[in-house]
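Since the structure comes first, as structure tokens, the remarks are kept for the end.
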Amino acid sequence: MIYIGHVAKTHGLHGHLSIKIDMPQDMCQLLDKIKKIYISKNEPLLITKAQLNNKIFLRVKIKSINNREDAKNILRHSIFIKKGEHSQFDNEWDEKNKYLHFKIYDKTEGEIGSIEKIDFNRPQPLFIVKKDGNTILIPFVNELITNINMVSKVINVELPENLIQICNQ
């Protein structure tokens, strides 16, 4: 399952929902063609109409939800799509996330950690790296990357001095 966002609000009186999309804007455009979403990873909902609104909101009409009260029952629920049901989206998703779970090594600091997420919803994408329970944000900038080994799933970087200390949350 691929997390795409959450139900942010109801829209109108006939059960329409607005889903806040939590992924790169270029991928949001692929979502207006989906026909099925899932709540809490297991409950499928059929979409009768979907329209991208304001680049990061997907307004949908769910077949089984016909009024505002029913729509309110799923407010703030996480929304997923199933990998394999949307080939164009799947291909783009795989390309954007091909570095997930790679280890990052800095030239001077050594092992920094493992990439848990890539945040594309910023002007500059970030690797979200975890190590020993800590989260470190590292800019996803080609100029900082010295080598990528796809086989051993390792990215070598040369980060500016003290960047890890500054970006350690």
_Cβ contacts < 8 Å: first residue in a loop (DSSP other than H, G, I, E, B), restricted to segment 125-141; second residue of a type in the set (Asp, Glu), any location; separation 6+ or different chain. Result?_
Pro125/Asp119
*Among (1) modelled with pLDDT of 85 or more; (2) outside any strand (DSSP E or B); (3) under 26 Å from Phe140 (Cβ atoms); (4) over 15 Å from the mean Cα position of the chain (by Cα) - the single one His14 does not satisfy*: (3)
_Whichever residue in segment 17-39 is assigned to a strand (DSSP E or B) and within 14 Å of the chain's Cα centre (by Cα) and, among such residues, is nearest to Glu69 (Cα to Cα)_ = Ile19
_Any chance Lys96 is touching a Pro at 6+ places or on another chain (Cβ under 7 Å) and not hydroxyl-bearing (Ser, Thr, Tyr)_ = yes
*Which of (1) assigned to a loop (DSSP other than H, G, I, E, B); (2) more than 12 Å from the chain's Cα centre (by Cα) does Asn121 not meet, given it meets every other one?*
(2)
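Return the residues of segment 91-118 that are in a loop (DSSP other than H, G, I, E, B) and among the aromatic types (Phe, Trp, Tyr); say none if nothing qualifies. Give the steps one after another, and end with the answer.
As a first pass, look at segment 91-118 and keep what is in a loop (DSSP other than H, G, I, E, B): 97-102, 107-109.
Across segment 91-118, the qualifying residues are Tyr99, Phe102.
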*Which one of these is on the phi < 0 side of the Ramachandran plot, hydrophobic (A, V, I, L, M, F, W, C) and free of Cβ contacts under 8 Å to residues at least 40 places away in the same chain: Leu52, Leu13?*
Leu52
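Residue by residue through segment 55-89, note down the ones that are of a type outside the set (Ser, Thr, Tyr), touching a residue at least 24 places away in the same chain (Cβ under 8 Å) and out of contact with any Leu (no Cβ under 9 Å at 6 or more places or on another chain).
Selection gives Lys55, Ile56, Phe57, Asn66, Asp70, Lys72, Arg76, His77, Phe80, Lys82, Lys83, Glu85.
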*asked:* Just to be sure before I move on: is Asn91 closer than 25 Å to Phe127 by Cα, in the same structural domain as Lys20 (by TED's automatic domain parsing) and exposed (fewer than 15 other Cβ atoms within 10 Å of the Cβ) in the structure I sent?
replied: yes
*Take segment 113-147 and flag every residue that is out of contact with any Leu (no Cβ under 8 Å at 6 or more places or on another chain), of a type in the set (A, V, I, L, M) and surrounded by 14 or more Cβ atoms within 10 Å (Cβ to Cβ).*
Ile136, Ile145
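The values are calculated or read from the model by the stated rules, or taken from the named source; none is laboratory data. Remember, it's a predicted structure, so these values are computed and weren't measured experimentally. Counting neighbours? That spans all protein chains shown, and the Cβs are built from the backbone with ideal geometry, glycine included.
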